[in-house]
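The values are calculated or read from the model by the stated rules, or taken from the named source; none is laboratory data. These numbers come from a predicted model, not from an experiment. Here the Cβ positions follow ideal geometry from the backbone for every residue, glycine too, while neighbour counts run over all protein chains shown.
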Amino acid sequence: MSIGIALMGLLVGFLVGLTGVGGAALLTPVLIMVGINPSIAVGTDLFYNSITKLFGVIQHWKQKTINFKLAKYLAMGSVPSAAAAIFILQYFNSAFHNQDQIIKHSLGFILILVAISILIKTFFDKKLRPNRWQLKPIKEKRGLIIFIGAFFGFIVGLTSIGSGSLFALAMLYLFRMTASELVGTDIAHAFLLVTVAGLLHASAGTVDYVLVGNLLIGSIPGVLLGSTLSAKVPTKPLRSAIAVIIIISGIKLIG
């Protein structure tokens, strides 16, 4: 057991529970910055994310706050697209040996995009709705939903980031849903996506299971503690501060 990694998991879990900001956007760049190989960091984060999201899916299943039709359409685009991203990474690794460089640069740009999405969701939540897209039934938006799933799914397969934040922003703008249904559907779809992507990384040997175990030891109590305190702490300034930190991390990885 590594005390340092468990404490990192505790801190990330605490911030996720407290603010709802995606754990991958915090964890993956930190893992790379402390010396973990980028491909191992991405694969490990996806595998770890799959386990943590399972608990959320079970809870929302019980609460009946999952829109299965929407989750299915998103997964129809995102799962094959994430798989394609992972296979492309593996090809570049065997042909050009530049997989880690691709991951680092992609990660930098996506972190900035994710931070912007966090700020939009934090400050413009009410202004994004209602709009004409939300009034259309899901069947009429099926093609668009699958396309969004494919676009963001490729990003998740490449970087491990965005399974929550990017999809949540799209759902916030395109669908009229209660807050709990939005979160439940987001987590259910993210679970499908990161589980498939995590298993593909595991088959490629880019998952560190000891690292996953150490992160879980810290993050599970961290999430519980953060969730307990979330009602008592003003989260808007915290989310903004975390978004700024994520932007700085992204710029560092690009440079």
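Scan region 222-239 residue by residue and report those that are part of a helix (DSSP H, G or I) and surrounded by fewer than 16 Cβ atoms within 10 Å (Cβ to Cβ). Hits for region 222-239 are Leu224, Leu225, Ser227, Thr228, Leu229, Lys236, Pro237.
Screening the candidates Val156, Val207 for the property of being touching a His at 6+ places or on another chain (Cβ under 6 Å), at pLDDT 90 or above and among the aliphatic types (A, V, I, L, M) yields one hit, Val207. For region 1-94, the helices (runs of 4 or more DSSP H) that sit wholly inside it and include 3 or more residues that are aromatic (Phe, Trp, Tyr) and out of contact with any strand residue (DSSP E or B) (no Cβ under 9 Å at 6 or more places or on another chain) are 38-63. Of all the criteria given as (1) closer than 25 Å to Thr235 by Cβ; (2) out of contact with any Leu (no Cβ under 8 Å at 6 or more places or on another chain); (3) of a type outside the set (Asp, Glu), the one not satisfied by Leu15 is (2). Pairs linking a residue in region 148-164 that is within 17 Å of Ile88 (Cβ to Cβ) to a residue that is charged (D, E, K, R) and modelled with pLDDT of 90 or more, with Cβ atoms under 7 Å and 6 or more positions apart or on different chains, are Ser160/Asp45.
Inclusion of Gly218 among residues that are within 29 Å of Phe109 (Cβ to Cβ) and at pLDDT below 85 is not warranted. Exactly one residue out of Thr185, Thr195, Thr206, Thr178 is farther than 20 Å from Gly17 by Cβ, among the polar types (S, T, N, Q) and within 14 Å of the chain's Cα centre (by Cα): that is Thr195. Of all residue pairs spaced 6 or more apart or on separate chains, those with beta-carbon atoms under 8 Å, a first member in region 84-96 that is touching a residue at least 12 places away in the same chain (Cβ under 8 Å) and a second member that is buried (at least 16 other Cβ atoms within 10 Å of the Cβ) and aromatic (Phe, Trp, Tyr) are Ala84/Phe154; Ala85/Phe154. Between Lys136, Lys141, Lys104, the distinction of being of a type in the set (Lys, Arg) and in contact with a Pro (Cβ under 9 Å, 6 or more places away or on another chain) belongs to Lys104 only.
Just one of the numbered conditions (1) closer than 25 Å to Leu27 by Cβ; (2) of a type outside the set (Val, Ile, Thr); (3) touching an Asp or Glu at 6+ places or on another chain (Cβ under 7 Å) is not true of Leu89: (3).
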